[in-house]
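Report on one structure; see the data block that follows.
The values are calculated or read from the model by the stated rules, or taken from the named source; none is laboratory data. Here the structure is a predicted model, which means the values were calculated and not measured. Cβ coordinates were reconstructed from backbone atoms using ideal geometry, including for glycine residues, and neighbour counts include every protein chain displayed.
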Amino acid sequence: MSTAPDKSKAKADPKVDAKAEKSAAAKPAKESKTKRAAAAAVAEAAPKAAATKKPDAKKAKVAKPAAPARSAHVESRLAQILIAPIISEKATMAAEKHNQVLFKVMRDATKPEIKAAVELMFKVTVDSVQTVQHKGKTKRFAKGVGRRDHVKKAYVCLAAGQELNFSGEGA
């Protein structure tokens, strides 16, 4: 007799254990749903709290000193941007055809800076600026390999009727 109840208990235990596992698995899911609901409630409250803090943030931004605008060009930098005019056969053809002047400029110069520099130095009106990055050639020397400097060229298109005279005549 003692063996029969043991068998029934052994059979009953897996069923009870399975039900207990299902209920245990269901409880954390319910807890996670409540946690999600709590997180959603916090998320809904957060924009309201942030909305009340925005005016404070604006005041803090206003209190900071403003950085100078990038569009403002400093004259000392503009004086250094133009390195030299390029006077060649190709530059002469561009001047005759398109009323353009070629300049060798600093490699980090931007088109607005080049335009401002030409207008400041030569008192002319510039229509547009095109730039070209010319990579330096690799050359062989007696004891090894060298490289010429990289150059940035600027094709500056002048307004109609305006010209630049580099020869010094008529000055």
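Is at least one residue of region 110-121 free of Cβ contacts under 8 Å to residues at least 24 places away in the same chain, among the aliphatic types (A, V, I, L, M) and on the phi < 0 side of the Ramachandran plot?
Taking every residue of region 110-121 in turn, none turns out to be free of Cβ contacts under 8 Å to residues at least 24 places away in the same chain, among the aliphatic types (A, V, I, L, M) and on the phi < 0 side of the Ramachandran plot.
With respect to residue 140, determine if the residue is at pLDDT below 90 and either exposed (fewer than 11 other Cβ atoms within 10 Å of the Cβ) or aromatic (Phe, Trp, Tyr) (or both). Full working, then the answer.
Values: at pLDDT below 90: no; either exposed (fewer than 11 other Cβ atoms within 10 Å of the Cβ) or aromatic (Phe, Trp, Tyr) (or both): yes.
No.
Could you list all residues from region 99-144 that are out of contact with any Phe, Trp or Tyr (no Cβ under 8 Å at 6 or more places or on another chain) and assigned to a helix (DSSP H, G or I)?
111, 112, 113, 115, 116, 117, 119, 120, 121, 122
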